[in-house]
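J.: Please find one structure pasted underneath; my questions will follow.
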Amino acid sequence: MAIIDKFSEFINASRPRLSLEEACRLYEKSGGILKLKDGRLLFPDQERLITQLSEATLRKDSLTSQLRFWQRQHRALVSGNLLDEMAKVTDPLFWEHLVKFSIERDYRTSFEKVDLPMKYMNDDRYRSIIRAFIRDEDYRKRLVKAKTGLLKGATIKESAEKNRDFKRRIIEDKLERLRKEKEELSDRIRVLETLLEWSSGNHVGEEGLVGK
């Protein structure tokens with residue numbers, strides 16, 4: 001009985017119950033099977049309800065952790081401009097670029113033509129390109145000639161922006177799915193809490209359910 005008592009404490013400490021009739025309706029709507037006799041819940045029994053409630057609660061906790069992780073990823077993308085700028089000014093490679101930009105006219109002209117995404121220097125995908133551009137004159141000339149980036153017809157900077165926007169949309173879609181699943185689990189937990197409370201008390205207290 002200890003585990004049942006533990007869940008009873010959890011139920012009493014949580015948010016207001018659904019009505020019993022509503023809980024039964026939602027449980028059956030989700031594919032669950034209810035068997036009642038003389039106002040008593042025969043199936044699912046307490047053990048099955050506790051198992052379902054445990055699984056739903058664990059899954060909800062997992063979703064909460066996932067949401068926190070992806071929310072951090074999303075914040076990093078949304079606020080990335082400021083963070084990238086702060087990181088850039090302490091990067092030796094950036095200062096190497098600034099020196100060349102200041103004293104080498106050909107380098108400055110090449111840079112303006114290619115329009116490198118310097119604010120994304122910390123992204124490995126673009127850092128290798130930026131490093132080669134700064135240090136390899138032949139590579140720099142080829143890049144100027146091509147005037148293309150990772151996406152055909154786009155500059156490297158445009159490609160970087162599109163890549164970040166694409167990541168942001170993917171993460172936003174994922175966050176939306178996780179939030180929806182968590183909300184559905186919250187509703188299911190409320191249903192299971194109500195049924196478990198009823199099962200523990202073995203009474204209905206709602207007209208219209210007796211003899212169902």
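J.: Please work out if Trp95 is under 20 Å from Arg168 (Cα atoms) and either touching a helix residue (DSSP H, G or I) at 6+ places or on another chain (Cβ under 9 Å) or not charged (D, E, K, R) (or both).
T.: On the way: under 20 Å from Arg168 (Cα atoms): no; either touching a helix residue (DSSP H, G or I) at 6+ places or on another chain (Cβ under 9 Å) or not charged (D, E, K, R) (or both): yes.
For Trp95, the condition - under 20 Å from Arg168 (Cα atoms) and either touching a helix residue (DSSP H, G or I) at 6+ places or on another chain (Cβ under 9 Å) or not charged (D, E, K, R) (or both) - is not met.
J.: Can we say Glu207 is exposed (fewer than 12 other Cβ atoms within 10 Å of the Cβ), out of contact with any helix residue (DSSP H, G or I) (no Cβ under 8 Å at 6 or more places or on another chain) and at pLDDT 90 or above? Show your work before the answer.
T.: Working: exposed (fewer than 12 other Cβ atoms within 10 Å of the Cβ): yes; out of contact with any helix residue (DSSP H, G or I) (no Cβ under 8 Å at 6 or more places or on another chain): yes; at pLDDT 90 or above: no.
So Glu207 does not fit the description; no.
So that you can scan it fast, the table gives a plain yes or no per residue for (1) of a type outside the set (A, V, I, L, M); (2) part of a helix (DSSP H, G or I); (3) in contact (Cβ under 8 Å) with a residue 60 or more places away in the chain:
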{"position": "Thr90", "(1), (2), (3)": "yes, no, no"}
{"position": "His97", "(1), (2), (3)": "yes, yes, no"}
{"position": "Lys100", "(1), (2), (3)": "yes, yes, no"}
{"position": "Tyr107", "(1), (2), (3)": "yes, yes, no"}
{"position": "Ser110", "(1), (2), (3)": "yes, yes, no"}
{"position": "Lys113", "(1), (2), (3)": "yes, yes, no"}
{"position": "Arg127", "(1), (2), (3)": "yes, yes, no"}
{"position": "Ile130", "(1), (2), (3)": "no, yes, no"}
{"position": "Arg140", "(1), (2), (3)": "yes, yes, no"}
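J.: Still on this structure, please answer the following. Step by step: first the residues of the stretch 1-22, then only those that are assigned to a loop (DSSP other than H, G, I, E, B) and modelled with pLDDT under 65, then the one that is surrounded by the fewest Cβ atoms within 10 Å (Cβ to Cβ). Which residue is that? Working first, answer last.
T.: Of the residues in the stretch 1-22, the ones assigned to a loop (DSSP other than H, G, I, E, B) are 1, 14-19.
Cutting the leftovers down to modelled with pLDDT under 65 gives us 1, 14-16.
Working: Met1: 8, Ser14: 11, Arg15: 10, Pro16: 6.
Within the stretch 1-22, the match that is surrounded by the fewest Cβ atoms within 10 Å (Cβ to Cβ) is Pro16.
J.: I would also like to ask the following. Output the residues belonging to the stretch 23-55 that are acidic (Asp, Glu) and either more than 32 Å from the chain's Cα centre (by Cα) or assigned to a loop (DSSP other than H, G, I, E, B) (or both). Explain how you work it out, then say what you get.
T.: Residues of the stretch 23-55 acidic (Asp, Glu): 28, 38, 45, 47, 55.
Those that are acidic (Asp, Glu) and either more than 32 Å from the chain's Cα centre (by Cα) or assigned to a loop (DSSP other than H, G, I, E, B) (or both): Asp38, Asp45, Glu47.
J.: Quick check on Arg105: is it surrounded by fewer than 16 Cβ atoms within 10 Å (Cβ to Cβ), in contact with a helix residue (DSSP H, G or I) (Cβ under 9 Å, 6 or more places away or on another chain), assigned by TED's automatic domain parsing to the domain that holds Asp165 and on the phi < 0 side of the Ramachandran plot? Spell out the reasoning first.
T.: Numbers: surrounded by fewer than 16 Cβ atoms within 10 Å (Cβ to Cβ): yes; in contact with a helix residue (DSSP H, G or I) (Cβ under 9 Å, 6 or more places away or on another chain): no; assigned by TED's automatic domain parsing to the domain that holds Asp165: yes; on the phi < 0 side of the Ramachandran plot: yes.
Judged against the criteria, Arg105 is not a match.
The values are calculated or read from the model by the stated rules, or taken from the named source; none is laboratory data. Computed from a predicted model, the values in this text were never measured in an experiment. With ideal geometry, Cβ positions are generated from the backbone for all residues, glycine too; neighbour counts draw on all protein chains shown.
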